[in-house]
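The values are calculated or read from the model by the stated rules, or taken from the named source; none is laboratory data. Bear in mind the structure is a predicted one, so any value in this text is a computation, not a measurement. Using ideal geometry, Cβ is built from the backbone for each residue, glycine included, and neighbour counts are taken over all protein chains shown.
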């Protein structure tokens, strides 16, 4: 009984000591974290001042290059913050100098790391001042398992506009799903003329047709789209939809024929796209198709047809044939 009592007391004392030790450790850890954060912010402020000092000097008047031996992560964060706010030529020159001498060597080592966070740092650095020297590394990072890494690598790749990197981004978009696919779509759609030329070349050759059409459907194009006719008769229904959507974004003269031709398509989404596209063409033959759409079994098709007729100012036809859609247009259209 006495031995058990002493053992119980020892256990209780041990638990109390452990609890007190844990509390002391947490307090100490919090204090150290606050100090590190404050010190880090102070160093970033000093670094920002140093960059501003260099920016205030003309490039040709600078006697020495920008040099920094501190934490490269802090330097990266400061450079990224300047990148969001500045776009002047002086900043672009200084930024490339900083990246070349203080960040790029580190990025080349991190790019092949097993840790995705380190690979992400490499991609972020390459994004700041991409060059063809990192083409092979960017090709790897574009296919990285982490979307965070892929997103920065793809942005860097499209800034270079190398054929290999553009093709890699197009093919990677074909493998993406959900939000990641939308991200790559936006990235390619906002790309340079070189990116657009490669997209069209890919589309004409039948490579990654769905990807190319989805991207082209998000751009305004100023050349004939005759190459789309092949895809409008494709056996793949999603390719047909994407090709017709390109004509909606770019309602060229020949587009009205394709919209009318697809007015009786069995696919509901294609009829929705056709009804939307016909709104750009106030032709009598187009209005006949829109009138048919007003009696379509699909509510979405009827709604798009009603909106197209309203856009054309065809209120008489809408009031006569629109049915419940006329009421919806008057209330919510």
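Here are the numbers for this structure:
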| read-out | value |
| --- | --- |
| Matching residues, segment 234-258, being without any contact (Cβ under 8 Å) to a residue 24 or more places away in the chain and assigned to a helix (DSSP H, G or I) | 257 |
| Of all residues in segment 138-149 being touching a helix residue (DSSP H, G or I) at 6+ places or on another chain (Cβ under 6 Å) and either under 14 Å from residue 175 (Cα atoms) or in contact (Cβ under 8 Å) with a residue 40 or more places away in the chain (or both), the one that is surrounded by the most Cβ atoms within 10 Å (Cβ to Cβ) | 142 |
| All helices (runs of 4 or more DSSP H) inside segment 177-227 with 1 or more residues being more than 15 Å from the chain's Cα centre (by Cα) and more than 21 Å from residue 159 (Cβ to Cβ) | 193-205, 209-216 |
| Hey, residue 268 outside the structural domain of residue 197 (by TED's automatic domain parsing), surrounded by fewer than 22 Cβ atoms within 10 Å (Cβ to Cβ) and modelled with pLDDT of 90 or more or not | yes |
| Single unsatisfied condition, residue 69 versus (1) modelled with pLDDT of 75 or more; (2) closer than 30 Å to residue 132 by Cα | (1) |
| Close pairs from segment 179-194: first in the same structural domain as residue 162 (by TED's automatic domain parsing), partner assigned to a loop (DSSP other than H, G, I, E, B), Cβ under 6 Å, at least 6 apart | 184/176; 189/218; 189/219; 192/161; 194/161 |
| Residue pairs meeting the criteria (Cβ under 6 Å; at least 6 apart or on separate chains; first farther than 15 Å from residue 282 by Cα and outside the structural domain of residue 282 (by TED's automatic domain parsing), in segment 300-314; second at pLDDT below 85 and assigned to a helix (DSSP H, G or I)) | none |
| Of all residues making up segment 259-274, the number that are assigned to a helix (DSSP H, G or I) and either touching a residue at least 60 places away in the same chain (Cβ under 8 Å) or out of contact with any helix residue (DSSP H, G or I) (no Cβ under 6 Å at 6 or more places or on another chain) (or both) | 3 |
| Filtered residues of segment 275-289 (kept if in contact with a helix residue (DSSP H, G or I) (Cβ under 7 Å, 6 or more places away or on another chain), in a helix (DSSP H, G or I) and over 13 Å from residue 262 (Cβ atoms)) | 279, 285, 287 |
